[in-house]
Amino acid sequence: MEWIIIGGGIQGITMAAFLLKSGKTIVDQLAIVDRNEEPLASWKHCTEVISMPYLRSPSVHHLDVNPFSLQK
């Protein structure tokens, strides 16, 4: 493993997306370690509790390298 990310939450997934999309690594060289069985499990649980099915924030805050990709 070349990269190990601790935590599969918003920040960990954002870092993984950045590393992969920017070409700094490949999937075979990246691992995400988290106590939950799936990525974003804690975030999904918290948003479900408050009935928020989608992230409601400015379009530049999302899980992609390009901050304006949602506008495309």
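Descriptive notes on the structure:
- Apart from one condition, Ile10 fits all of (1) in contact (Cβ under 8 Å) with a residue 24 or more places away in the chain; (2) over 17 Å from Asp64 (Cα atoms); the exception is (2).
Listed here are the residues, each with its yes/no results for (1) at pLDDT 90 or above; (2) of a type outside the set (A, V, I, L, M, F, W, C).
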{"position": "Met15", "(1), (2)": "yes, no"}
{"position": "Asp28", "(1), (2)": "yes, yes"}
{"position": "Asp34", "(1), (2)": "yes, yes"}
{"position": "Glu37", "(1), (2)": "yes, yes"}
{"position": "Ala41", "(1), (2)": "yes, no"}
{"position": "Ser59", "(1), (2)": "no, yes"}
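- Scanning the range 25-42 for residues that are closer than 13 Å to Met1 by Cα and loosely packed, with under 14 Cβ neighbours inside 10 Å yields a total of 6.
- The range 43-57 - residue that is surrounded by 10 or more Cβ atoms within 10 Å (Cβ to Cβ) and part of a loop (DSSP other than H, G, I, E, B) and, of those, modelled with the highest pLDDT: Met52
- Selection from the range 1-17 of residues that are part of a loop (DSSP other than H, G, I, E, B), of a type in the set (Gly, Ala, Ser) and farther than 10 Å from Leu40 by Cβ: Gly7
The values are calculated or read from the model by the stated rules, or taken from the named source; none is laboratory data. In this text, all values refer to a predicted model and were calculated from it rather than measured experimentally. Here Cβ is always computed from backbone atoms with ideal geometry, including for glycine, and neighbour counts include all displayed protein chains.
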